[in-house]
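Take a look at the structure set out below.
Every number here is computed from the coordinates shown, using simple stated rules; none is lab data. Remember, it's a predicted structure, so these values are computed and weren't measured experimentally. Here the Cβ is made from the backbone with ideal geometry for all residues, glycine too, and neighbour counts use every protein chain on show.
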Amino acid sequence: MGLDLKKMRVSRRGFWLGLKYWLLTALVALLLLQTYFAGRIALMARIDPRSSAFQRSEIWRLTTQKDQGPLRWQQQWRDYRQISDNLKRAVIASEDDSFTNNSGVDWDAVEQAWEHNAKAEEQAETQQAKARAARRKTAGKPPLAPRIRGGSTITQQLAKNLFLSGERTLLRKGQELALTYALKALLTKRRILELYLNSVEWGAGIFGAEAAAQHYFHKSATALTAPEAARLAVMLPRPRYFEQRPGSPYLAHRAAVIEERMRSAELP
């Protein structure tokens, strides 16, 4: 009996030692990963990135897509001063109106997005229940998904585009927040906006302000007018969708709203 107790104690001790070892290993790996990311971000203060994680995933998607024709890829880096202030103001007005003042994360916007999404999901469930009860003609068809609103700032979107995959998990969200604060700490707001405008997607294989200006308006990003900049800014949440629907009434109406808001947008 005494021998069995001794074995159990040794076994427990071994278990806890093993657990502590793996936890310490995971912690060290996490710290090394954050150090790696911080080093890359620090280099971006001076060096323009060649590509982002999102762009590389898009190259893979486009090259492996069935019935895909010749790969279309447009991107040409433009320095901050070579991008129209109209586009900078339009993107800030549309995507992150507190950009120059927030800490990288706009918690009020996140809270509002959570509340909006919860209500949207509740309304969708109610509508689906009514449709089933009334046995509408649409029964059997896949229900419409609720429209989900994002609360991400420009800095958060840049963190996702540069380093992360498109999956939505708590772990990835935590990493996004860590990268967002690292970007805020190591780069100026002006540099963050410059990186964002040069890497964001504006259509299938179209990345950055210069490529977007050339593709949609046949001019340089330097020469974009206020109405043109507003249309580009409105496209950002769904660029591939609006690329195929240039005459969308929503696009025209929303662009007019953004053009009005551009007047109060503050540049870094």
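Within segment 225-268, the residues that satisfy the criterion of being polar (S, T, N, Q), more than 22 Å from the chain's Cα centre (by Cα) and not in a helix (DSSP H, G or I) are 225, 248. Checking every residue in segment 171-184 against the condition of being within 18 Å of the chain's Cα centre (by Cα), of a type in the set (Phe, Trp, Tyr), assigned to a helix (DSSP H, G or I) and surrounded by fewer than 19 Cβ atoms within 10 Å (Cβ to Cβ) gives at least one match. In segment 168-201, which residues are β-branched (Val, Ile, Thr) and out of contact with any helix residue (DSSP H, G or I) (no Cβ under 8 Å at 6 or more places or on another chain)? Across segment 168-201, the qualifying residues are 169, 188.
Criterion first (touching a residue at least 60 places away in the same chain (Cβ under 8 Å) and either within 23 Å of residue 73 (Cβ to Cβ) or not in a loop (DSSP other than H, G, I, E, B) (or both)) does residue 215 satisfy it? Yes, satisfied.
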